[in-house]
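The values are calculated or read from the model by the stated rules, or taken from the named source; none is laboratory data. Nothing here was measured: the structure is a model prediction, and the numbers come from that model. Neighbour counts are summed over all protein chains in view; Cβ atoms, including those assigned to glycine, are modelled from backbone coordinates with ideal geometry. Remember, those area values only see protein heavy atoms, side chains included, never the ligands or the DNA or RNA. Shrake-Rupley method; radii C 1.70, N 1.55, O 1.52, S 1.80 Å.
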Protein chains: 2
Amino acid sequence: MRILVTNDDGIFSPGIKALGLAMAALGEVYVVAPDVEQSAVGHGITVRRPLRFKHTQSAGFGEIPAYRVDGTPADCVVLGVHLLGRPDLLVSGINIGVNLGLDLTHSGTVAAALEGTSLGIPSIAFSLDTSGEELDFTEAARWAVRIARLVAEEGLPKGVLLNVNFPPGKPKGVMVTRLSTHRYEDTVVERLDPEGRPYYWIAGTPVGEEEEGTDLFAVRRGYISLTPVSLDFTAYGVLEGLAAWRGRLEADLHPLL
Amino acid sequence: MRILVTNDDGIFSPGIKALGLAMAALGEVYVVAPDVEQSAVGHGITVRRPLRFKHTQSAGFGEIPAYRVDGTPADCVVLGVHLLGRPDLLVSGINIGVNLGLDLTHSGTVAAALEGTSLGIPSIAFSLDTSGEELDFTEAARWAVRIARLVAEEGLPKGVLLNVNFPPGKPKGVMVTRLSTHRYEDTVVERLDPEGRPYYWIAGTPVGEEEEGTDLFAVRRGYISLTPVSLDFTAYGVLEGLAAWRGRLEADLHPLL
């Protein structure tokens, strides 16, 4: 089995090192990751400028081939697949910090897994709650191997990726969850630069309801959350309710057509 | 009614000019948009560096207040809401080019609407198929006003945004659709720089099945597509099927706990 390992914290992050080295237990690993931290850049693919793809021995992966890209996590997936071949499994992370609920619309870790999924590759995003203690990926990497092995055995439904969040410390177990309403409530701080001109800094505070059955509920209680995430963002539940809008809009407009 | 207008092509794009000026028919408009084209940067919020927020008379909005931000579309929404007040409606676009199907995971136009939706503001993303002819936003802007008026009257369900795509030319009507499998199939072109070192350029070709009931189907046939998009990306259809994974993973691991 060939496994493509990527992330959005950058190739020198301890999270991807732990994940890449652990995945070697399952198959042939190759690492393609951003050269610098890319948090909050989202799912962009860089098409307006060229990209570099550089072998990076210094990242600490030993015999595992590792490359850095001056682009986004999604760029890394596209270049990795094109230049090193299609993997049987894609793993992204282990992110420094959770990716829960509405965080997913911002997450580069998940963006890489979305890109893999849209290419038809079984893809998993791994994130660790690092709020509690020192940065230690040992437990998370151990569970990541088992989760990846299960995905490799069972596959994932078409158009679905697996989003995994680890609690701090030793997990009590696993919960299969839906996404919560977890998100960052943004505030804006205004300051003046040395020349007296204003600038603004966005700062986010995590908020969200800990409803049972959600990823946030699981992680806050010390469990690993496993959340299936769909590539299809259609709000199917409201499609029928909106059907009447067609008539209302067209009635308005036929005189103009 | 207060209407926040943003986009991802940048404040000097003809698409946002057409949209902003047209929306003035519905209420008090203010424009906050990126200073440069931000396509494919995704839904990131910039938290690692400060942002500027500059009044921009030269963008051609006349009496309408218009500000540019050196950040992403989502940054524009956050700063616009914090510095100019919460709008009753957010409109993003009109994007130069469609945002259909799987494009949504990359789209800055939609990212702005996702951000608005997560703040509880009814939000609409507008995009125009510009593949056909000369860039003309007249028809699209006219329909955008009617669609925005309907959303202002009826509201949108919680956690749902409206993604609208206009066909080229004069629309035949409106279809309420689900998302298609439309996406860009990426290829990678390798070249050598003047010093003989390789660089890579990602290029995408649009692909996707024109299934009936999808946004792609509508736009290809000359209709406007109206697609409700959910903030909740959980793949509910497979949640139950994955429930058994809990036992399998925990059984494996209890000896280690």
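Just a few scattered comments:
- In this assembly of identical copies, the label point of B:Arg221 (Cα plus 7 Å along Cα-to-Cβ) is separated from its counterparts by 4.8 nm, sorted shortest first.
- Unit Cα scatterers, Debye sum, chain B: log10 I(q)/I(0) for q = 0.17 Å⁻¹: -1.24
- For chain A, the fraction of 1.4 Å probe accessible surface lying on carbon and sulfur atoms is 50 percent.
- Cut-off under 5 Å, modelled amide H: who pairs with B:Gly10 long-range: B:Gln38
- Chain-alone versus full-assembly comparison, segment B:136-174, residues with accessible loss of at least 50 Å² (1.4 Å probe): B:Trp143, B:Arg146, B:Leu150, B:Val174
- Rounded, prolate or oblate (a/c below 1.5 giving rounded, otherwise prolate when a/b exceeds b/c) for segment A:144-257 by Cα gyration tensor: oblate
- Hull shadow area, averaged, segment B:1-88 [alpha-carbon convex hull, nm²]: 5.2 nm²
- For the chain pair A and B, buried accessible area totals roughly 7900 Å², probe 1.4 Å, rounded to the nearest 100.
- Centre-to-centre, using Cα atoms only, segment A:101-163 and segment A:164-215 are separated by 18 Å.
- Cα centre as origin, Lys/Arg/Asp/Glu Cβ charges: segment B:76-170 dipole, Debye: 320 debye
- On Cα atoms only, tilt of B:73-84 relative to the major axis of chain B in degrees: 50 degrees
- Accessible surface, the protein assembly as shown, averaged per residue in Å² (probe 1.4 Å): 39 Å²
- Pairs of Cα atoms nearer than 8 Å and 6+ residues apart set the relative contact order; for chain A it is 17 percent.
- Shape of segment A:191-257, Cα gyration tensor, a/c cut at 1.5: oblate
- Per-residue [θ]222 nm for chain A (sum of -39500 (n - 2.57) over DSSP H runs n ≥ 4, rounded to 500): -9000 deg cm²/dmol
- Neighbour cut-off at most 13 other Cβ (10 Å), DSSP loop, GluC sites (Glu not before Pro), segment A:108-175: A:Glu133, A:Glu134
- Cβ-derived FRET efficiency at R0 22 Å, B:Glu211 paired with B:Lys170, nearest 0.05: 0.35
- In the frame of its principal axes, segment B:172-223 has Cα extents of 54, 18, 11 Å, reported largest first.
- Cα gyration tensor category, rounded, prolate or oblate, for the protein assembly as shown with a/c compared to 1.5: prolate
- Across the protein chains, with a 1.4 Å probe defining accessible surface, the residues B:Tyr30, B:Tyr184 rank B:Tyr184, B:Tyr30 from largest area downward.
- Residue mean of other protein chain beta carbons inside 10 Å, A:210-220: 0
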